[in-house]
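The values are calculated or read from the model by the stated rules, or taken from the named source; none is laboratory data. On a predicted model such as this, the values are computed, not experimentally measured, just so you know. Cβ placement follows ideal geometry from the backbone for every residue including glycine, while neighbour counts extend to all protein chains displayed. SASA here: full protein model, heavy atoms, side chains in, ligands and nucleic acids out. Shrake-Rupley method; radii C 1.70, N 1.55, O 1.52, S 1.80 Å.
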Amino acid sequence: MLFRSAMQAHEIEALIRKKFPDAEIRIDDLAGDGNHYAAFVTAEEFRGLSRVKQHQAVYAALGDQMQGSNGLLHALALTTKVPA
């Protein structure tokens, strides 16, 4: 069995892009350890949604990758916004 301890930035971006194909997405590795990321997502789909709903939509796109100790994504600081 192959054990993976973390996700890579391009994998996080790919999951988000699948749900928000036209979004502007930037993923930063905050600690250089592959475990602590910041995601910046600008998407038209967020228009009219509260910040909480925007974040919930991104977390939904990540699926079970953030499911506590079973997930591969351990920490994600999330910033969302609607395009200007």
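Rounded to the nearest 10 degrees, the inclination of helix 51-62 to the longest alpha-carbon principal axis of the chain is 40 degrees. Straight-line reach only, C-alpha to C-alpha below 19 angstrom: list the aspartates and glutamates that K19 could link to, leaving out same-chain residues fewer than 8 apart. Counting by Cα, and skipping residues close in sequence, K19 has these aspartates and glutamates nearby: E11, E44, E45, D64.
When you restrict to C-alpha pairs under 8 Å that are six or more residues apart and normalise by the size of the chain, the relative contact order lands at 33 percent. Looking at segment 3-84, the accessible area is 60 square angstrom per residue; that uses a 1.4 Å probe and ignores ligands, DNA and RNA. Computed over the chain, the Cα gyration tensor eigenvalues convert (square root of 5λ each) into semi-axes of 23, 13, 11 Å, ordered from largest to smallest. The accessible surface of the chain, taken with every protein chain in place and a 1.4 Å probe, is 53 percent carbon and sulfur. Of all beta bridges that DSSP places with both ends in the chain, some 45 percent have antiparallel geometry. Near G63: Cβ cut-off under 11 Å, other residues only, Lys/Arg at +1 and Asp/Glu at -1. The net charge is +1.
Of the chain, which part is the longest with no trypsin sites (Lys or Arg not before Pro) in a loop (DSSP not H, G, I, E, B) and with at most 15 other C-beta atoms within 10 angstrom?
The longest such stretch corresponds to 5-46.
Among L62, L15, L30, the largest mean-square fluctuation in a Gaussian network model of the chain, built with springs joining Cα atoms closer than 10 Å, belongs to L30.
Determine the sum of side-chain charges near V82: Lys and Arg each +1, Asp and Glu each -1, restricted to other residues whose C-beta is under 14 angstrom from that of V82. Combined, the nearby Lys, Arg, Asp and Glu give 0.
Taking Cα atoms only, the orientation of helix 9-19 departs from the longest principal axis of the chain by about 40 degrees.
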